[in-house]
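Nothing in this text is a laboratory measurement; each read-out follows from the coordinates by a stated rule. Because the structure is predicted, anything quoted here is derived from the model rather than measured. Don't worry about glycine lacking a Cβ; one is built from the backbone with ideal geometry, like all the others, and counts go over all protein chains shown.
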Amino acid sequence: MLGQRASFWALYLPPVCWVGLFFLVPIVLMFALSFRADMQGDLLSLWWPTLAQYEAIAAVGSYWRLLAISIVMALFVALLAVALAYPIAYFLVFRAGRAAALCLVILLIPFWTSFLLRVMSWKFLLGSEGVINSFLMYLNVIAEPLSGMLYSRKAVIVTLVYVWIPFAALPISAGLQRIDSDLLEAAADLGAPPSRSFWAITFPLSLPGVLAAFFMVFIPTVGEYVTPLLIGGSQGSMYGNIIQDFFTKAANWPRGAALSMVMLAVTLILVAVAARLVNVRRLLG
């Protein structure tokens, strides 16, 4: 009994300490920093808590407008990524057969490549002198390069969907693997066509994986700033770019921390409302 308890704590404490040190502690520090009026003095010097940063954020409508735009963009990215990842996951689980392991490795290859490199590749594709424009001009489809493909929110959405598809396919495939094959065989024996079996059995039972993939894409996309910076430019900025500017260019860490807390609160509220609407407990049950 004592040995089992020691083994439990030996396996339990390291991940808890890791999460607490590198996840919870930074959030607590960010929350405390958001109540600082300015950056005068040292970072650890004494200061009086104030709501000045939150009052300033509430008075600037552009912050809220950009946050709303970022949420809508994240919603589109999550929906498109999940919709495109579902057929991939379905193929891996039900159609790949002996080649499933090889297909999974091919799906995981993007994980071995730098995120920055994958994003920059779309800059070479969508640029005025990129592959797409060059190919269209070679075919005489266009007389001059299309300038609207790069440095826009549409380009940001396309790039983020490409980045997130492999991530979204993994939880969906995990949800599909949990489906009992006897249910599909029973539906076939009862004369149900494949399409009806899919919508009556496969898709409903895979919804936990679909929901996990959606939130896994939606939540980090709301605060995305690297892809909008490289692909979106000034026309494709998102809420995360404002936070980055306050931490780097403006050197106003309290304002950046307050903006981060606002984004975190709004995102958690949206996730809680969505979970309430779809009844996650019943879905997972």
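The table for this structure:
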item	result
Hey, I231 under 29 Å from V105 (Cβ atoms) and surrounded by fewer than 21 Cβ atoms within 10 Å (Cβ to Cβ) or not	no
Test set (1) part of a loop (DSSP other than H, G, I, E, B); (2) over 21 Å from F247 (Cβ atoms); (3) small (G, A, S) - A10 fails condition number	(1)
Matching residues in the range 168-204 - criterion: being more than 21 Å from G97 (Cβ to Cβ) and under 29 Å from the mean Cα position of the chain (by Cα)	A168, P171, W199, A200, F203, P204
Filter result (out of contact with any helix residue (DSSP H, G or I) (no Cβ under 7 Å at 6 or more places or on another chain) and either of a type in the set (V, I, T) or under 22 Å from W112 (Cα atoms) (or both)) within the range 163-201	L170
Extreme residue, surrounded by the fewest Cβ atoms within 10 Å (Cβ to Cβ), among residues of the range 105-118 that are in contact (Cβ under 8 Å) with a residue 40 or more places away in the chain and under 30 Å from F198 (Cβ atoms)	F111
Residue that is surrounded by the most Cβ atoms within 10 Å (Cβ to Cβ) [pool: residues in the range 119-153 that are part of a helix (DSSP H, G or I) and of a type in the set (D, E, K, R)]	R153
Cβ-Cβ under 9 Å pairs, at least 6 apart or on other chains, the range 66-88 side within 14 Å of Y162 (Cβ to Cβ), far side outside any helix (DSSP H, G or I)	V77/E224
